[in-house]
Amino acid sequence: MKAIFSVKQIPRLDWSSTTPVNFRPKFKTLVYLNIGLLLIGLGESLIITSGAGVSPWTVLAQGISGITDWSIGFSIMMVSFAILFLWIPLAQKPGIGTVLNALVIAIMIDFSLTFLPYPEIPLWQVAQAAFGVLIVGIASGIYLTANLGAGPRDGLMTGLQEATNIPIAYIRIAIEVTVVAFGWYLGGVVGFGTLLFAFGVGPCVAIGILLVRKLL
C-alpha cells in the first residue's frame, strides 16, 4: 500500500518517446499506447454498463448540461477544452496520444457496450464498476509510458504532480473528488460507482505504473 501512494512519476522505458511531440514514434510505442487506450475504453464501458453510477467527469457534464441546456456530449467536449487551457501554465504538451485518446477510447466504448453484461443485482453492479475502475487505472499506467501526449484529464494529473511533487494517487483523488463535488452541486447524479471511481482511480493508476515497471 505504501508503494502505491509513493509513485510520483511516469517511468521512461525503452519504448517511451523522448518527447510528446513526435510524429514518427516507434511501432512498439504505438502498440503500448493503443493497448492502454483500448483497455481504458473497456474499463469505461464496464462502469457504464454496471449501472452503479457514472464517472465524476460525466457527473460534471450532467450538471453543466442542466444549467446550460447543452447536451452531455457537448458539455464533456467543452470541459475537455477547458482542461487543455489549464495545461498551459503546467507546461504540458499534447501529442498523437492526446488525439488518439479521444478517438480510440470512444470507439472502444461504442464497440464494447453491446457485448458487456448489464447486472441487476447491486452486489454485481458494484463489483463490475470496481473492476472497470481497476482496468482504467492500470491501462492509464500503460498508455502514459508511451509519452506521446496524455488525454486532457491525465495531462492535468501529470502536470499538477510535476508542479507539486505530490504522489500521483493523491493528485488524482483530489482532482476526481473536486470534480464530482462540483458536478453534484450543479445537479449531476452521483452513484456508488462514481465514488469508487473518484477515490479508486488514482491508486489504480499508481498500481498500473508499478506493474509496468516490474513486468514490462
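What follows draws every value from the coordinates through simple rules; no lab data is involved. Everything numeric here is computed off the predicted structure, so don't read it as measured data. Neighbour counts are summed over all protein chains in view; Cβ atoms, including those assigned to glycine, are modelled from backbone coordinates with ideal geometry.
None of G137, G53, G132, G66 is within 30 Å of T18 (Cα to Cα), among the small types (G, A, S) and either touching a residue at least 40 places away in the same chain (Cβ under 8 Å) or in contact with a Pro (Cβ under 7 Å, 6 or more places away or on another chain) (or both) except G137. For segment 19-72, the set of residues classified as in a loop (DSSP other than H, G, I, E, B), out of contact with any Phe, Trp or Tyr (no Cβ under 8 Å at 6 or more places or on another chain) and surrounded by fewer than 17 Cβ atoms within 10 Å (Cβ to Cβ) consists of T19, V21, F23, R24, D69, W70, S71, listed by residue number.
Residue check: is Q92 assigned to a loop (DSSP other than H, G, I, E, B), surrounded by 19 or more Cβ atoms within 10 Å (Cβ to Cβ) and touching a residue at least 40 places away in the same chain (Cβ under 8 Å)? The answer is yes for Q92. Taking the criterion of being closer than 16 Å to L46 by Cβ and surrounded by 20 or more Cβ atoms within 10 Å (Cβ to Cβ), the only residue of segment 95-107 that qualifies is I105.
Within segment 63-109, the set of residues being within 21 Å of P25 (Cβ to Cβ) and of a type in the set (V, I, T) comprises I96, T98, V99, V104, I105, I107.
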